[in-house]
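Take a look at the structure set out below.
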């Protein structure tokens, strides 16, 4: 818990001098001694190696998504994390950038600008739009600003959907601006300084360069007078204004910079996808970007990047049942290792779960033989689960649903219990979790993704309200 | 003129449902300064509970009981179920975040919303369910004034939401609990020092707000018939909008905001253009926000040094 009167800098100073214990302590101390520059370079180097480690276009596409998300989260971080303005219209800038790029480099109006011209144009236009839509922040505060900007996001989607037959008084033919629900297909690939970018891999490198430049830029902006001005007006706008900080101008600047980054990533997104469609820019995306930023820790550059990696990559790994099963059990064990200490107790819990399953399996086989005759979904690792996991051949869905409700109830109860009672309940809960997983969830990856995403958000927030890498700070009650 | 009145009735029906949802948002905001994004999902669960009570009692075509007890049971079950759900959400997703930065409970709320939506998809599947209201209460029954017809279902919805709103107003203004709620929303710390059990008041607020959402769910099921796992999102957005337009945290404001949005939707879709219906509604709302930055009935935000 942050103490009253401790400001961000003091808080970080304490973190810097924190004394680590345990086996990982030397590594963590060494990590702390490395400055942000070398750390970031190492990160970039690992990212740059990634496309050489895999041939799968799917994985590289996931990498592109991660970088796009990271850019979006960084842009949002300016507005939400630094300037403290709750902007729920952020995704409109991303969409605007994508559509703007589509207008100037596709067959829609038969304009094919060179990429070196198109990108600055899109970025400038997005920044101007950001200035315009940032104007309400002069008058509206907090949640009222949030709802108004959310209207902008909704209006953008509505316009994209409906501006396909715009009848202007001085024109004979209706004007097709956005292609309506079908979007604008056939967008040109990018071509920068004579280097063509035909494949997804090339866009990965382009995005990596853009990402590096943006991160470096933002790092210096954050340290600058402007960055301090943002933080000051976030903490207390009135006091900041009295200290001659140009609060309103800084708000607009935050909006414009965030919008410029969003527009830039939008244009790259349009080129990667070679098309833009209204459903790419809906509120769900906005929620994902917010989740990335808040999970990582609002106000922190590395936090935004970490959050983007988690939010954009974890759901993709869950897509195939084999990977999903592996990930599920790996994650379960990781959570156990992180929460149950010391290791003797952990060993007891794991052994108890294995024994519990084996006994239950035999009991069910005796009492209701049909109950164990079902087939496991997905091939890999299924041999290990035989004669442990109960898979009913009849009423699987109904039993799975009841088990799901029971699981939610027992997980919630777990959070209330302490000590031995918690361990006692943990054993059946773990078995129940794998039962629900094998019987119900593994066959429905999209539902599972959403369930897990929601659960992770709640669990993360209740454990670390300031995000993984965020700094705890005291807020004034409104 | 008849068409106008017909649209007025449609707008009021829609508006009263939005108002009920908005009340839940507004009450929770008033006390915790939290945008409870999971509220729309509570409403969706209420609609599903109503549906399952109806099917459990034999379905709309051959109910085991007369119509009135069926309806009362549906409403009671949905309201109770939704209320309990609201209390559970508060206990596990928001209470640990009471003193966290304001954006943290917001993200937690979004997580709850995702989780409930996916749970509904898992438990009830993606198919659309229908209440089949015409078989329960034929749409032809109702009040007829000249060429104008108001079906019984709509009258029921408008009537019961007015009843609920009056009950809520009395509760907030005339009871000890209501007084405690107003005190907590004014200043939580001071209220705690005066001996008010703040946790209990917050739980009660969540319960009442969610009860209203559950009732709204059944009403929407009765009027528009279709119930599905995604219905909470849009309705939640509209309810939230209504709450903010009216001045969030302000109870009469939420009612006014809901009514306004319902009317704006009904009239813009019938008189102007159905494609640009949402655009017009959002345009009106932005104008309202810019003219009155803290909502229609909200008090302006005080600047403290």
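None of the figures in this text is laboratory data; all of them are computed from the coordinates on show. Nothing here was measured: the structure is a model prediction, and the numbers come from that model. In this analysis, Cβ positions are derived from the backbone assuming ideal geometry, glycine residues included, and neighbour counts consider all displayed protein chains.
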- Message: Need one value for B:119-132: mean number of C-beta atoms belonging to other chains within 10 Å of its residues' C-beta atoms.
- Response: 3
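Quickly rank A:403-410, A:452-459, A:25-32 as a protection proxy: mean count of other C-beta atoms within 10 Å, highest first.
The most tightly packed comes first, giving A:452-459, A:403-410, A:25-32.
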- Query: Per Stokes-Einstein, at 20 °C and 1.002 mPa s, what whole-number D in µm² s⁻¹ belongs to the stretch B:157-305, with the Kirkwood radius over Cα pairs as the hydrodynamic radius?
  - Reply: 124
- Item | When the convex hull of its Cα atoms is projected in every direction, mean area for the stretch A:28-127 (nm²) | 9.8
- Query: When the convex hull of the C-alpha atoms of chain B is computed, what volume per residue in Å³ does it have?
  - Reply: 144
- Task: Take the Cα pairs of the stretch A:323-443, get the Kirkwood Rh, then feed it into Stokes-Einstein at 4 °C and 1.567 mPa s and tell me D in µm²/s.
- Result: 86
- Message: Please report the spacing between the Cα centers of the stretch B:65-95 and the stretch A:92-148 in Å, no decimals.
- Response: 44
- Item | Spatial separation of Cα centroids for the stretch A:263-338 and the stretch B:248-274, in angstrom | 36
- In Å, the Kirkwood hydrodynamic radius from C-alpha pairs for chain A sits at 25.3
- Message: How high is the relative contact order of the stretch A:225-379? Use alpha-carbon pairs under 8 Å, at least six apart in sequence, and give a whole percent.
- Response: 9
- Message: I'd like to compare A:227-237, B:185-195: which one has the highest average count of other Cβ atoms within 10 Å, and what's the full order after that?
- Response: A:227-237, B:185-195
- Set the Förster distance to 35 Å, then compute FRET efficiency between residue A:284 and residue A:366 from the Cβ-Cβ distance, nearest 0.05. 0.15
- Task: Take every Cα pair under 8 Å in the stretch A:323-443 that's 6+ residues apart, average their separations, divide by the length, and report that relative contact order as a whole percent.
- Result: 30
- Which one of B:162, B:21, B:208 has the biggest mean-square fluctuation once chain B is modelled by GNM with Cα springs under 10 Å? B:162
- Message: With 10 angstrom as the radius, rank B:32, A:416, B:297 by how many other C-beta atoms surround their C-beta, starting from the fewest.
- Response: A:416, B:297, B:32
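Mind checking B:283-296 for the average number of partner chain beta-carbons within 10 Å of each residue's beta-carbon?
Mean inter-chain Cβ contacts per residue within 10 Å come to 3.
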- Sorting B:179, B:33, B:238 on the 10 Å Cβ count, fewest up front, what's the list? B:179, B:33, B:238
- Query: Of the listed peptides A:71-83, B:117-129, what is their order by residue-averaged count of other C-beta atoms within 10 Å, with the highest listed first?
  - Reply: A:71-83, B:117-129
- Query: In the stretch B:7-72, if every C-alpha pair distance is counted and binned at 10 Å from zero, what percent goes to each bin?
  - Reply: 18, 31, 34, 15, 2
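Give me A:52, B:48, B:224, A:255 sorted ascending by neighbouring Cβ count inside 10 Å, so fewest comes first.
Ranked by crowding around the Cβ, least crowded first: A:52, B:224, B:48, A:255.
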- Message: Below 8 Å, C-alpha to C-alpha, sequence gap of six or more: please give me the relative contact order for chain A in percent.
- Response: 22
- Message: What does the C-alpha gyration tensor say about the overall shape of the stretch B:92-249? Classify as rounded when a/c is under 1.5, otherwise prolate if a/b is larger than b/c, or oblate.
- Response: oblate
- Query: Which semi-axis lengths, in whole Å and largest first, follow from the square roots of five times the eigenvalues of the Cα gyration tensor of the stretch A:335-406?
  - Reply: 26, 14, 13
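What are the semi-axes of the equivalent ellipsoid for the stretch B:81-182, taken as the square roots of 5 times the Cα gyration tensor eigenvalues, largest first, in whole Å?
So the three semi-axes of the stretch B:81-182 are 36, 25, 11 Å.
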- Note on the structure: Note on the stretch A:208-340: C-alpha Rg/Rh, Kirkwood Rh, two decimals, gives 1.07
- Calculate I(q)/I(0) for the stretch A:36-317 by the Debye formula, one identical point scatterer on each C-alpha and no solvent, and give its log10 at q = 0.09, 0.16 Å⁻¹ to two decimals. -0.42, -1.27
